[in-house]
Amino acid sequence: MPTTPTQMHLTASIFNAANPGFRENFDEKPFEFTHCFCADHPLFQLSRLRQLIDDPVTRPGIYYDAGEIGIGQRWDSVPERKQTLEETFDRIDNAGAWILMKRVHKDPDYSEVLDECLKEVQRLSGRQIDQDKKSQEAIIFLTSPNRVTSYHIDRECNFLMQVRGEKEISVFDRNDREVLPETELETFWSKDNNAGVYKPQYQNRATVFLMKPGTGVHIPVNFPHWLKNGNNVSISLSISYQYKDWQRKYVFQANYYLRKMGLNPTPPGKSALLDNTKRMVMQAGFAGKKLLQQKRAN
């Protein structure tokens, strides 16, 4: 059987096994690590990435925009697109663009990369990722020189790997309530992916990493961050997974609705009893809503 481009480059460890961050700081603090992917890897050539645009399976997951973007700009207020995806990709070196390829794991080669990366993360971290996750995803970011990726928070536990070019990432502490108030987290988990608001007065609280080819940064769930690309075209690979909803989502959603009722809910992590009660109520509520929708459909 012939060797695939993926197999040729996954014969050794993907991550630096000596990095203590995988066990000590996993999903608690950001940390830098090294990885085996580099600009000459066949899966990260521009010609190979161009195939993802042409593939009807992966194309629906591709988002792109171009133009001036501010650090604190909401993702739903980006400049109007003036070029097609193909045109933007083909002139990425001067398009001022950001291309996000979200469904690359639908391609078998990248699916293999995703699986192997998460297996190794599980081994190095000692976490039961296979039991804890509800979904997993591989994303490739293609970014024009000097482009900013605006401030945001994510629901994924993320390993962002730089493959080509250089960029800086500023990562903030999700536990700093001046940077990230409880109300922003509750709104994020309940209805608005853009709920995180950049506060420039706290920029000096960020941990700033310079990302070069072969290096990566672990971004724990809900750690706010923004990025500034260097004077180069950047290619990055994100390997991530989402926890099952009961671990975070249900508690924040419960607090969102309690706050709308005029109450001041206890933040997650302060009371195991309260957290578990909120989880059960939200799970029951969603199950009841789903059952009602099924009955109406029938």
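Return a yes/no flag: does region 161-172 have any residue that is closer than 30 Å to ASN264 by Cβ and either without any contact (Cβ under 8 Å) to a residue 60 or more places away in the chain or part of a helix (DSSP H, G or I) (or both). Yes: region 161-172 contains one or more residues that are closer than 30 Å to ASN264 by Cβ and either without any contact (Cβ under 8 Å) to a residue 60 or more places away in the chain or part of a helix (DSSP H, G or I) (or both).
Scanning region 206-248 for residues that are assigned to a helix (DSSP H, G or I) and touching a strand residue (DSSP E or B) at 6+ places or on another chain (Cβ under 8 Å) yields a count of 1. Residue pairs whose Cβ atoms lie under 6 Å apart, sitting 6 or more positions apart in sequence or on different chains, and linking a residue in region 208-227 that is closer than 10 Å to GLU168 by Cβ to a partner that is among the basic types (Lys, Arg), are MET211/LYS167; LEU227/LYS167. Going by the conditions given, is GLU112 more than 20 Å from ASN229 (Cβ to Cβ) and in contact with a helix residue (DSSP H, G or I) (Cβ under 9 Å, 6 or more places away or on another chain)? Judged against the criteria, GLU112 is a match.
Residues to consider are PRO79, PRO60; find the one that is more than 15 Å from SER144 (Cβ to Cβ), free of Cβ contacts under 8 Å to residues at least 60 places away in the same chain and either in the same structural domain as PRO30 (by TED's automatic domain parsing) or not in a strand (DSSP E or B) (or both). Before you say what the answer is, go through the steps one by one.
Working: PRO79 fails: more than 15 Å from SER144 (Cβ to Cβ).
Residue meeting the stated conditions: PRO60.
Residues that are under 23 Å from GLY61 (Cα atoms), assigned by TED's automatic domain parsing to the domain that holds ILE62 and either surrounded by fewer than 19 Cβ atoms within 10 Å (Cβ to Cβ) or under 17 Å from the mean Cα position of the chain (by Cα) (or both) do occur in region 162-183, at least one of them.
Please tell me if LEU85 is free of Cβ contacts under 8 Å to residues at least 60 places away in the same chain and under 22 Å from the mean Cα position of the chain (by Cα). It is true that LEU85 is free of Cβ contacts under 8 Å to residues at least 60 places away in the same chain and under 22 Å from the mean Cα position of the chain (by Cα). Only one of the numbered conditions (1) touching a helix residue (DSSP H, G or I) at 6+ places or on another chain (Cβ under 9 Å); (2) at positive phi; (3) surrounded by 13 or more Cβ atoms within 10 Å (Cβ to Cβ); (4) of a type outside the set (A, V, I, L, M, F, W, C) is not met by GLY126, and that is (3).
With respect to TYR256, is the statement that it is under 21 Å from ARG103 (Cβ atoms) and either assigned to a loop (DSSP other than H, G, I, E, B) or touching an Asp or Glu at 6+ places or on another chain (Cβ under 9 Å) (or both) true?
no
If only residues of region 203-225 that are among the polar types (S, T, N, Q) and surrounded by fewer than 16 Cβ atoms within 10 Å (Cβ to Cβ) are counted, the one that is nearest to GLU184 (Cα to Cα) is GLN203.
With respect to the stated conditions, PRO200 fails to be modelled with pLDDT of 95 or more and crowded, with 22+ Cβ neighbours inside 10 Å. In region 231-272, of all residues being in contact with a Pro (Cβ under 7 Å, 6 or more places away or on another chain) and either aromatic (Phe, Trp, Tyr) or closer than 30 Å to PHE44 by Cα (or both), the one that is surrounded by the most Cβ atoms within 10 Å (Cβ to Cβ) corresponds to PHE252.
The values are calculated or read from the model by the stated rules, or taken from the named source; none is laboratory data. The model shown is predicted, which means the values in this text are computed figures rather than measured ones. Positions of Cβ are generated from backbone atoms using ideal geometry, with glycine treated the same way; all protein chains shown enter the neighbour counts.
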